[in-house]
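Here's the structure, in structure tokens; my notes come after.
The values are calculated or read from the model by the stated rules, or taken from the named source; none is laboratory data. Bear in mind the structure is a predicted one, so any value in this text is a computation, not a measurement. Heads up, the Cβs are rebuilt from the backbone with ideal geometry, glycines too, and the neighbour counts pull from every protein chain shown.
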Amino acid sequence: MRVAVLVFPGSNCDHDCYHAVKHVLGCETDFVWHQERVLSGYDLVIVPGGFSYGDYLRAGSIARFSPVMEAVTDHAKKGGYLLGICNGFQILTEAGLLPGALAQNVSMKFICKNTPLRVETENSYLTDGFKKGDVINVPVAHMDGRYIADDKTLDTLENDDCVLFRYCDGSGAVTAEANPNGSARNIAGILNAAKNVAGMMPHPERVCEESLGGVDGLLLFKAALNAISSGKPAL
């Protein structure tokens, strides 16, 4: 198993992802600078959180044109696994690798807090071994985290089992009060139709050790690495 963690100007969660996958889970992991044009031999590519290019114009809109993104797109089209976290999710939507977009939080404020998430599908490399309805706690930290899409896109995500997580309360109830940013249908993470590309706003890399307040994020990384290394198909 080899993992690549992309690094853009303004990335600030790249080292957290690297630490979680390499030092906590012991997986061969490399940083890949945004100017690289080749991604070869990697099983999983992580597009981390942060403020790539200072979020100028729109979050993720400039990073989407970085040289490495051509290789990222090729990796995904060939069935390679791809995970975008927070700003990484924004970049993947800007690049057209995931549907919809991320808009400013309805509160117009930066949000940083622990957030319960309800697992919405068992059929993904990131939730392999989870049960639909399981509740995990993963922090959010974003200003532009409101997932939006037209009704047709949202219905397609639902019908194709491509909703990964929803914001919920501690008991798993999906309510307006549990939605931190106003995301459509409380959506916190999604998959592409082929289920090899995942995007989520919450930060699993920030809850990978008990000393940091929990290991629910580590469970997601373990699920991903186990599913990929075992050769399970994305679909």
Qualifying position, being touching a Lys or Arg at 6+ places or on another chain (Cβ under 8 Å) and either in contact (Cβ under 8 Å) with a residue 60 or more places away in the chain or within 30 Å of K77 (Cβ to Cβ) (or both), among V197, V135, V207, V140: V140
Test set (1) modelled with pLDDT of 95 or more; (2) within 25 Å of F31 (Cα to Cα) - R118 fails condition number: (2)
Some residue of region 34-44 being in contact with a strand residue (DSSP E or B) (Cβ under 8 Å, 6 or more places away or on another chain) and under 24 Å from I148 (Cα atoms): no
Tabulated pairs, region 58-75, first more than 17 Å from A198 (Cβ to Cβ), second in a loop (DSSP other than H, G, I, E, B) and of a type in the set (K, R), C-beta under 9 angstrom, 6+ apart or interchain: P67/R37; V68/R37; E70/R37; A71/R37
Region 105-136, residues that are under 19 Å from A193 (Cβ atoms) and of a type in the set (F, W, Y): Y125
Any hit, region 20-39, residues being under 16 Å from the mean Cα position of the chain (by Cα) and either more than 13 Å from Q90 (Cβ to Cβ) or modelled with pLDDT under 95 (or both): yes
Number of the exception - G49 against (1) in contact with a Ser or Thr (Cβ under 6 Å, 6 or more places away or on another chain); (2) in contact (Cβ under 8 Å) with a residue 40 or more places away in the chain: (1)
Within region 1-41, tally of residues that are free of Cβ contacts under 8 Å to residues at least 40 places away in the same chain, farther than 15 Å from M69 by Cα, assigned to a strand (DSSP E or B) and out of contact with any helix residue (DSSP H, G or I) (no Cβ under 6 Å at 6 or more places or on another chain): 2
Residues (in contact with a Cys (Cβ under 9 Å, 6 or more places away or on another chain) and crowded, with 22+ Cβ neighbours inside 10 Å) located in region 145-178: G145
Pair list, Cβ < 7 Å and 6+ apart or interchain, from region 94-108 residues that are within 16 Å of Y56 (Cα to Cα) to residues that are buried (at least 22 other Cβ atoms within 10 Å of the Cβ) and aromatic (F, W, Y): L102/F89; L102/Y147
Hits in region 172-191 - residues which are within 17 Å of N137 (Cβ to Cβ) and out of contact with any strand residue (DSSP E or B) (no Cβ under 7 Å at 6 or more places or on another chain): A173, T175, E177
Any hit, region 215-226, residues being farther than 14 Å from L83 by Cβ and touching a Leu at 6+ places or on another chain (Cβ under 7 Å): no
Residue selected from region 184-215 under the condition part of a helix (DSSP H, G or I) and surrounded by fewer than 21 Cβ atoms within 10 Å (Cβ to Cβ), by the criterion modelled with the lowest pLDDT: L212
Residue, surrounded by the fewest Cβ atoms within 10 Å (Cβ to Cβ), within region 216-234, restricted to residues that are outside any helix (DSSP H, G or I) and not hydroxyl-bearing (S, T, Y): G231
